[in-house]
Amino acid sequence: PGTHAPAFGNGETLTPGVYDIGGAGSVAGTLYLDGGYDPNAVFIMKFRGAFTAGAGSNIVLLNGAKAANGYWIAQGAISVGANSVIEGTLLA
């Protein structure tokens, strides 16, 4: 983890950690959050701008990842497209 490109998803798998995006960001398609069987695994995605989940995007929790331990933090507006499944807490 660390810095990440502004676009997430399209079959990508993330491991626990903090992902820092230098501006606005988005998720499209399917994004997997893999908890690695750690019940305390935490995922933090920090956007220094808006965050958009495209229509039909899907966040899938794997191997013990919990929605309660996922955070999407935007320093701007958050938009979630139609038919999207977002796991975690959204903070704008």
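The values are calculated or read from the model by the stated rules, or taken from the named source; none is laboratory data. As the structure is a prediction and not an experimental result, all values here were calculated from the model. A quick note on method: Cβ atoms are made from the backbone with ideal geometry, for glycine too, and the neighbour counts reach across all protein chains shown. Ligands, DNA and RNA are stripped out before the accessible areas are found, and what is left, the full protein with its side chains, is counted by its heavy atoms. Shrake-Rupley method; radii C 1.70, N 1.55, O 1.52, S 1.80 Å.
From G36, G70, G2, grab the single residue that is surrounded by fewer than 18 Cβ atoms within 10 Å (Cβ to Cβ) and modelled with pLDDT of 95 or more.
G36
Does at least one position in region 76-84 carry a residue that is modelled with pLDDT of 95 or more, surrounded by fewer than 14 Cβ atoms within 10 Å (Cβ to Cβ) and under 14 Å from F8 (Cβ atoms)?
The answer is no, given that none of the residues of region 76-84 is modelled with pLDDT of 95 or more, surrounded by fewer than 14 Cβ atoms within 10 Å (Cβ to Cβ) and under 14 Å from F8 (Cβ atoms).
Just a yes or no: is a residue in region 42-59 basic (K, R) and either surrounded by fewer than 18 Cβ atoms within 10 Å (Cβ to Cβ) or in a loop (DSSP other than H, G, I, E, B) (or both)?
Applying the first criterion (basic (K, R)) to region 42-59 yields 46, 48.
Of the ones still in play, those that are also either surrounded by fewer than 18 Cβ atoms within 10 Å (Cβ to Cβ) or in a loop (DSSP other than H, G, I, E, B) (or both) are 48.
Within region 42-59 (the criterion being basic (K, R) and either surrounded by fewer than 18 Cβ atoms within 10 Å (Cβ to Cβ) or in a loop (DSSP other than H, G, I, E, B) (or both)), the answer is yes, since at least one residue qualifies.
Could you check L14 against (1) of a type outside the set (S, T, N, Q); (2) over 19 Å from L91 (Cα atoms); (3) surrounded by fewer than 16 Cβ atoms within 10 Å (Cβ to Cβ); (4) in contact with an Asp or Glu (Cβ under 8 Å, 6 or more places away or on another chain) and say which number it fails?
With (1) of a type outside the set (S, T, N, Q); (2) over 19 Å from L91 (Cα atoms); (3) surrounded by fewer than 16 Cβ atoms within 10 Å (Cβ to Cβ); (4) in contact with an Asp or Glu (Cβ under 8 Å, 6 or more places away or on another chain) applied to L14, the lone miss is (3).
Among (1) open to solvent by 50 Å² or more (accessible area, probe 1.4 Å); (2) among the β-branched types (V, I, T); (3) under 18 Å from T3 (Cα atoms), there is one condition V27 misses while meeting the rest; what is its number?
Going through (1) open to solvent by 50 Å² or more (accessible area, probe 1.4 Å); (2) among the β-branched types (V, I, T); (3) under 18 Å from T3 (Cα atoms) one by one, V27 breaks only (1).
Being touching a helix residue (DSSP H, G or I) at 6+ places or on another chain (Cβ under 9 Å) and in a strand (DSSP E or B) is the filter here, so list the residues in region 60-92 that pass it.
L61, T89
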